[in-house]
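**Student:** The structure that follows is given in the form of structure tokens.
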Amino acid sequence: MADDIDDRRSEVLRRYAGLALTAQAGQPVTDASAGCLGSDAYPCDTGMPEGLLGMSLGCGDPVAVADLRPGDTVLDLGSGAGLDVLLSARRVGPTGKVYGLDGTPEMIALARVNAAQAGVSNVEFLQGHIEDVPLPDRAVDVVISNCVINLSADKPRTLAEAFRVLKPGGRFGVSDIIADDDLEPVGCAMGTLTETGYRAHLAAAGFTDIRLTRTSPLTQGLHNTIVQASKPEIAVRPMRADDAAQVLTIYQAGLDGGDASFETTAPTWETFTAAKLRDHRHVAVDTASDEVVGWVAASAVSDRCVYAGVVEHSVYVSPAHHGRGIGTLLLNALIDSTEAAGIWTIQSGVFPENTTSLRLHEKAGFRQVGIRERIGRHHDRWRDVVFIERRSEIAGLFV
């Protein structure tokens, strides 16, 4: 897999290095890649030199949709000759800054010349790969890109890197190419994401408010598309092994409260993960600190095939982060993942004294089935349990 990524990356870098050298020689720059609109993607009044507009190899105008504001810090993934960097620099003004990231030294050199000729100083061009952005966490307010992410050899990593370098509340606004679901791309369109795939990768990275707007059709089932998303203050993503300590700490804090479970001590990570279904465990992360602030996970209720669509779940939120809507985000993530897997019932038991949990679940569509009275002893007293469940309206329809 690593060899395939390196080979595809090398192929893309060779092609764009050649285009940069063509531009430096004063010859017209053209790219046969699907979707390349060049200067046609921009309005007539950009104020940029015609020669620079002619160097555009993009499929849209991301600056027009990125909601740039004075003082913003912006990153352009695959900045090429620098057109979108310079347009962004004008939008963010002297109190803002724009980084242009490109993998080819030839393009970096060309962009620096263009910036100098345009008299723009609030820009910086970096050489590197969009799968490994050479900027620290939470460094920029906006990520833009113009017809480059579809060329990435590792798109999930590229989108995860965009999420990493964005500040909480940051915006993602790019022009790119998407493919129809039934298309089998070849040549330069190889690996182009479908709309479903693009949304899934953005969501897995932690993005919310995901919007894809097709702007113009291309040949062979390809479409120029505006892709927009946001980095929330709280992001939900799949649970990972390196979340273990924080997950178990939150678990223990919930148990210590006395109304979360009959259990009194959190299990080992090995025991925890062995009992939870891999595709249905998620964590909520505070994007300002990378702290895990809550988790949700589901377990199978039985190994009998008749119960294949029924799971039991648990959801815990750090006591320090109550009241931020984290429980709702986690339950929504669990509902989405279980319904996508064809699971039709999520169930659990809640102590009647845990009114916060009961209200949370009712809001998420759970109903109270009944009360199991004096079902077990907890801290030397008998306790009732409210049995709750949520029946999917999508998976396992009852007709």
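**Student:** List, please: which pairs have Cβ atoms under 7 Å, are six or more places apart or on different chains, and start with a residue in region 63-88 that is touching a residue at least 12 places away in the same chain (Cβ under 8 Å) and end with one that is assigned to a helix (DSSP H, G or I) and of a type in the set (D, E, K, R)?
**Tutor:** So the pair list comes out as 63/84; 63/91; 68/91; 76/84.
**Student:** Select, from 213, 219, the only residue that is hydroxyl-bearing (Ser, Thr, Tyr), in a loop (DSSP other than H, G, I, E, B) and either assigned by TED's automatic domain parsing to the domain that holds residue 60 or in contact (Cβ under 8 Å) with a residue 60 or more places away in the chain (or both).
**Tutor:** Only one candidate passes the filter, namely 219.
**Student:** Next up: Looking only at region 172-196, count how many residues are over 16 Å from residue 59 (Cα atoms), hydrophobic (A, V, I, L, M, F, W, C) and at pLDDT 70 or above.
**Tutor:** Result for region 172-196: 2.
**Student:** Ok, one more. If residue 170 satisfies all but one of (1) more than 13 Å from the chain's Cα centre (by Cα); (2) surrounded by 21 or more Cβ atoms within 10 Å (Cβ to Cβ); (3) part of a strand (DSSP E or B), what's the number of the condition it fails?
**Tutor:** (1)
**Student:** Sticking with this one: Among the numbered criteria (1) of a type in the set (Gly, Ala, Ser); (2) at pLDDT below 90; (3) surrounded by 20 or more Cβ atoms within 10 Å (Cβ to Cβ), which single criterion is violated by residue 32?
**Tutor:** The number of the failed condition is (3).
**Student:** Of the residues 394, 326, 371, 335, which single one is crowded, with 16+ Cβ neighbours inside 10 Å and more than 20 Å from residue 257 (Cα to Cα)?
**Tutor:** On inspection, the qualifying residue turns out to be 335.
**Student:** Another question, if that's okay. Of the residues 388, 343, which is more than 16 Å from residue 261 (Cα to Cα), buried (at least 19 other Cβ atoms within 10 Å of the Cβ), among the β-branched types (Val, Ile, Thr) and at pLDDT 95 or above?
**Tutor:** It is 343.
Residues checked against (1) farther than 27 Å from residue 284 by Cβ; (2) in the same structural domain as residue 206 (by TED's automatic domain parsing); (3) assigned to a loop (DSSP other than H, G, I, E, B); (4) touching a Cys at 6+ places or on another chain (Cβ under 6 Å):
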{"residue": "332", "(1), (2), (3), (4)": "no, no, no, no"}
{"residue": "335", "(1), (2), (3), (4)": "no, no, no, no"}
{"residue": "343", "(1), (2), (3), (4)": "no, no, yes, no"}
{"residue": "347", "(1), (2), (3), (4)": "no, no, no, no"}
{"residue": "356", "(1), (2), (3), (4)": "no, no, no, no"}
{"residue": "360", "(1), (2), (3), (4)": "no, no, no, no"}
{"residue": "368", "(1), (2), (3), (4)": "no, no, no, no"}
{"residue": "372", "(1), (2), (3), (4)": "yes, no, no, no"}
{"residue": "384", "(1), (2), (3), (4)": "yes, no, no, no"}
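**Student:** Would you tally the residues in region 137-167 being crowded, with 24+ Cβ neighbours inside 10 Å and outside any helix (DSSP H, G or I)?
**Tutor:** Residues meeting the conditions: 9.
**Student:** Looking at (1) at pLDDT 95 or above; (2) crowded, with 21+ Cβ neighbours inside 10 Å; (3) out of contact with any strand residue (DSSP E or B) (no Cβ under 7 Å at 6 or more places or on another chain), can you tell me which one residue 104 breaks?
**Tutor:** That leaves (1) as the condition not met.
**Student:** Can you name the residue in region 55-71 that is surrounded by fewer than 22 Cβ atoms within 10 Å (Cβ to Cβ) and modelled with pLDDT of 90 or more and, of all such residues, is nearest to residue 126 (Cα to Cα)?
**Tutor:** So, considering only residues that are surrounded by fewer than 22 Cβ atoms within 10 Å (Cβ to Cβ) and modelled with pLDDT of 90 or more, the one nearest to residue 126 (Cα to Cα) is 71.
**Student:** If the requirement is being among the acidic types (Asp, Glu), under 14 Å from the mean Cα position of the chain (by Cα) and modelled with pLDDT of 95 or more, which of these qualifies: 161, 124?
**Tutor:** Within the list 161, 124, the selection yields 161.
**Student:** If you check residue 355 against the conditions, is it of a type in the set (S, T, N, Q), at pLDDT 95 or above and surrounded by fewer than 18 Cβ atoms within 10 Å (Cβ to Cβ)?
**Tutor:** Spelling it out, residue 355 is indeed of a type in the set (S, T, N, Q), at pLDDT 95 or above and surrounded by fewer than 18 Cβ atoms within 10 Å (Cβ to Cβ).
**Student:** Let me ask something else. Could you figure out which of (1) under 16 Å from residue 148 (Cα atoms); (2) in contact with a helix residue (DSSP H, G or I) (Cβ under 6 Å, 6 or more places away or on another chain); (3) β-branched (Val, Ile, Thr) isn't true of residue 120?
**Tutor:** Going through (1) under 16 Å from residue 148 (Cα atoms); (2) in contact with a helix residue (DSSP H, G or I) (Cβ under 6 Å, 6 or more places away or on another chain); (3) β-branched (Val, Ile, Thr) one by one, residue 120 breaks only (1).
**Student:** Let me ask something else about it. Scan (1) more than 30 Å from residue 318 (Cβ to Cβ); (2) in contact (Cβ under 8 Å) with a residue 12 or more places away in the chain for the single condition residue 160 breaks and write down its number.
**Tutor:** For residue 160, the exception is condition (1).
**Student:** Filter region 252-304 for residues that are among the small types (Gly, Ala, Ser) and buried (at least 17 other Cβ atoms within 10 Å of the Cβ); which is farthest from residue 383 (Cα to Cα)?
**Tutor:** Looking at residues that are among the small types (Gly, Ala, Ser) and buried (at least 17 other Cβ atoms within 10 Å of the Cβ), I get 284.
Conditions tested, residue by residue: (1) touching a residue at least 60 places away in the same chain (Cβ under 8 Å); (2) in a helix (DSSP H, G or I); (3) of a type in the set (D, E, K, R).
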residue: 243; (1), (2), (3): no, yes, yes
residue: 250; (1), (2), (3): yes, yes, no
residue: 253; (1), (2), (3): yes, yes, no
residue: 262; (1), (2), (3): yes, no, no
residue: 267; (1), (2), (3): no, no, no
residue: 273; (1), (2), (3): no, yes, no
residue: 279; (1), (2), (3): yes, yes, yes
residue: 284; (1), (2), (3): no, no, no
residue: 288; (1), (2), (3): yes, no, no
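**Student:** I've got another one for you. Would region 126-133 turn up any residue that is crowded, with 17+ Cβ neighbours inside 10 Å, assigned to a helix (DSSP H, G or I) and in contact (Cβ under 8 Å) with a residue 12 or more places away in the chain?
**Tutor:** Within region 126-133 (the criterion being crowded, with 17+ Cβ neighbours inside 10 Å, assigned to a helix (DSSP H, G or I) and in contact (Cβ under 8 Å) with a residue 12 or more places away in the chain), the answer is no, since none of the residues qualifies.
The values are calculated or read from the model by the stated rules, or taken from the named source; none is laboratory data. It should be emphasised that the depicted structure is a prediction, and the values quoted were computed from it without experimental measurement. Cβ atoms come from the backbone with ideal geometry, glycine included; neighbour counts cover every protein chain shown.
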